Structure formats: C-alpha cells, structure tokens
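The values are calculated or read from the model by the stated rules, or taken from the named source; none is laboratory data. Please read these numbers as outputs of a predicted model, since none were measured by experiment. Glycine gets a Cβ as well: all are built from the backbone with ideal geometry, and neighbour counts include every protein chain shown. For the accessible areas, the whole protein counts, side chains as well, though only heavy atoms, and no ligand, DNA or RNA atoms are used. Shrake-Rupley method; radii C 1.70, N 1.55, O 1.52, S 1.80 Å.
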Amino acid sequence: DLLGLSIGHLYGESNHEIEDDLVDFRTRNLAPARLSANGLKKVVRAERHAKFTKFLMIELKDNFVPAFPRLTGDLTQDFASELRSRFDDWRLRAETKEQIGGAPEVQFLHWLRIFTEIQGAVTAVHDAPEKDFWGFYTDAGVDLPSIFINRSIQSKKSQLFTFCHEMAHYIEDAEGISNPYSAKNAIE
C-alpha cells in the first residue's frame, strides 16, 4: 500500500522500473533513480532497518555522536588524516580482542564496517541486482545514516572501495545510488 504496488509486483521477477526518490549518481544530469522491483526492495528494507534502529536507540536512550561529521565546506587533508588516525587507533585496540581472517581487503572492510556502525550508521552488505547499484547511502528520513554495499560485486576490493565511496556520500550528506566506477557528474 505504501508504494502503491501489488504484493506480486514486489515479489515477482518483474523488471518494471519504479521511481524512487534517491538520486542516481551514475548519470551526467542527476535525476531520481529508476530501480527494478528487486533493487527497490533493498532500498525499502535498508530504510526500514534504519528507522527501526533509530526507534530502538531512542527507546534505549542511546545518543550516538557520529565520528564522521557532515561537512558544509570542502573536505580537507587534515579531516581525512584525523579520520584515518581515529580509525587506526580504534582498530589496533579492537584487534587485540578479536582476530579476523581472510584477505587484507576483507579484514579492512570488516573493521571499517564495525567502526562505522559504532559511530551510529547502519550498514548492510547484501545481494542486489548489479544493474541497479553497487551501493547507496540514505538517511531513511530519520537522520540515521544507512550504507548499503552490493555483495553481488564479485571483487572484495571493489566492495571495499564502494563502502568507502558510500561513506563519502554520508559525510557529504548526498543521498543516492552509486557505482563508484561510473563517475559521470561533478559530485562523483
């Protein structure tokens, strides 16, 4: 009812495109993203998850202070260095308590994802139609960052790069869907 669609349309294998309010950063002239039903389901689920998390935080009276402040001016080298230093310090402490296996990029993505979640962002790495997006950032209308990375991207290095790319969208407060390898506009 919320989307004005039938259950069959959302759960079917239909490729009908549905307009969403997230911006499509893969195009030269920014416009609303046109996603397949399966791609839109991922966005809706991510936004619902973020809304529920926000409600839970309020009920638990938990107040997160994001470590990634949104900037209104230019990103600076000092800001990037401070953020990396904060992450590296935290990671060194965390690694003494928990060991993560896998390739270096898998380990780094794991630690970066946990660090981002500790700052109050909701993150998800799930399968989605690759033609719809490699990743997206939304605040779900409740000012709670939600970062989604498409696990269908086979390369773990590409997943890591996409996660970092979506973190930059969060810092800039630029909601939308992305493929960081398709930079056709000024924002990307």
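Observations
- Checked against (1) over 27 Å from residue 28 (Cβ atoms); (2) within 9 Å of the chain's Cα centre (by Cα), residue 163 passes all but a single condition, namely (1).
To keep it simple, each residue is scored yes or no on (1) under 21 Å from the mean Cα position of the chain (by Cα); (2) closer than 18 Å to residue 117 by Cβ; (3) modelled with pLDDT of 80 or more; (4) aliphatic (A, V, I, L, M).
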| residue | (1), (2), (3), (4) |
| --- | --- |
| 58 | no, yes, no, yes |
| 65 | yes, yes, no, yes |
| 68 | yes, yes, no, no |
| 72 | yes, no, no, no |
| 76 | no, no, yes, no |
| 82 | no, no, yes, no |
| 85 | no, no, yes, no |
| 89 | no, yes, yes, no |
| 94 | no, yes, yes, yes |
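- Qualifying residue in the stretch 123-133 (condition: over 12 Å from the mean Cα position of the chain (by Cα) and of a type in the set (S, T, N, Q)): no
- Filtered by the rule that a residue be out of contact with any Phe, Trp or Tyr (no Cβ under 7 Å at 6 or more places or on another chain) and of a type in the set (A, V, I, L, M, F, W, C), the stretch 104-128 gives 106, 108, 111, 114, 118, 122, 125, 128.
- All positions within the stretch 25-56 that are open to solvent by less than 30 Å² (accessible area, probe 1.4 Å) and within 17 Å of residue 139 (Cβ to Cβ): 25, 33, 43, 44, 46, 50
- Residue, nearest to residue 112 (Cα to Cα), within the stretch 28-56, restricted to residues that are β-branched (Val, Ile, Thr) and modelled with pLDDT of 85 or more: 43
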